[in-house]
Amino acid sequence: MSGNSIYGDIARRTGGDIYIGVVGPVRTGKSTFIQRFLETVVLPAIENEGDRERTLDQTPQSASGRTVMTTEPKFVPDEAVKISPEAGLSLNVKLIDCVGYMVDGALGGEEDGVSRMVRTPWSDEEMPFAEAAELGTSKVIGEHSTIAMLVTTDGTIADIPRESYIPAEERVAKELSELGRPFAIILNSRTPDSDEARALAEELEEKYRAPVALVSCAMLDGEDIKEILSMVLGEFPVKELHFRLP
């Protein structure tokens, strides 16, 4: 399927609006994925230089290590960007960044040994960071996204072992599946060409019954993004079949 056909099919199935929830455990590369999506797909579609600068300023920060960088869900960009991949076709794209579900070994949920308290748009009271992260992530999954990218990792991108990600990964996949939300899995790896990474990708595809893109999020280009979108397209449920008989 050509890139234009991919976008056209998605546009018809979503009414032209695509809200992409980028979800998963913390410290898997969600913000890096959003950065590359913006740089390779969204920014080239923005003609006004001022709008491009504003969108660039909204790009989420990312960093290596175990410290959680994202603190609350964020729509990026603030205003959906219209992409016109072919004549007569346009669709509005907005990504939704979220903290993600906490994992053992990740830092940022506590300060001086006690739960870090934060304010959220959903409560007048402060709440523990981990609780706020869960609430925000659940809202992105259940209320705001049209399609989802479940970003996880083989354990090569941070000083956190693969086993620590599994409970949060399973929880996100379960929630997406129960909601019937079309999603693809982004398996982020520093060594995507390794036999170990390929074996894990096959395992996850069978386990979660969802397509898996084995990539290094930091190295994604526009063609990679289009391929991932085509994988999600295949997850949309078929609601009607029309037959023409002679």
Determine, for each peptide in 152-159, 33-40, 207-214, 95-102, the mean count of other beta carbons within 10 angstrom over its residues, then list the peptides with the highest first. 95-102, 33-40, 152-159, 207-214
Among Val68, Val172, which comes first, then next, by fewest other beta-carbon atoms within 10 Å? Val68, Val172
Rounded to the nearest 20 Debye, what is the dipole magnitude of segment 3-222 about its Cα centre when Lys and Arg each give +1 and Asp and Glu each give -1 at the C-beta? 440
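Restricting to segment 3-222, what percent of DSSP beta bridges are antiparallel, rounded to 5?
35
What FRET efficiency would be calculated for the residue pair Arg162, Arg116, taking the C-beta separation as r and a Förster radius of 41 Å, to the nearest 0.05?
Calculated transfer efficiency: 0.95.
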For segment 178-184, just list the computed ³J(HN,Hα) in residue order, Karplus coefficients 6.51, -1.76 and 1.60, θ = phi - 60°, integers in Hz, with x standing in for Gly and Pro. 5, 7, x, 7, x, 8, 10
When the gyration tensor of segment 3-222 is built from Cα positions, what are the square roots of 5 times its three eigenvalues, in whole Å, from largest to smallest? 27, 22, 17
By count of other Cβ within 10 Å, fewest leading, how are Thr28, Thr137, Thr191 ordered? Thr191, Thr137, Thr28
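Just so you know, all these numbers are worked out from the coordinates, no wet-lab data involved. Predicted model, so just to flag it, every value in this text is computed and none were measured. Cβ sites come from the backbone with ideal geometry, for glycine too, and all protein chains shown count toward neighbours.
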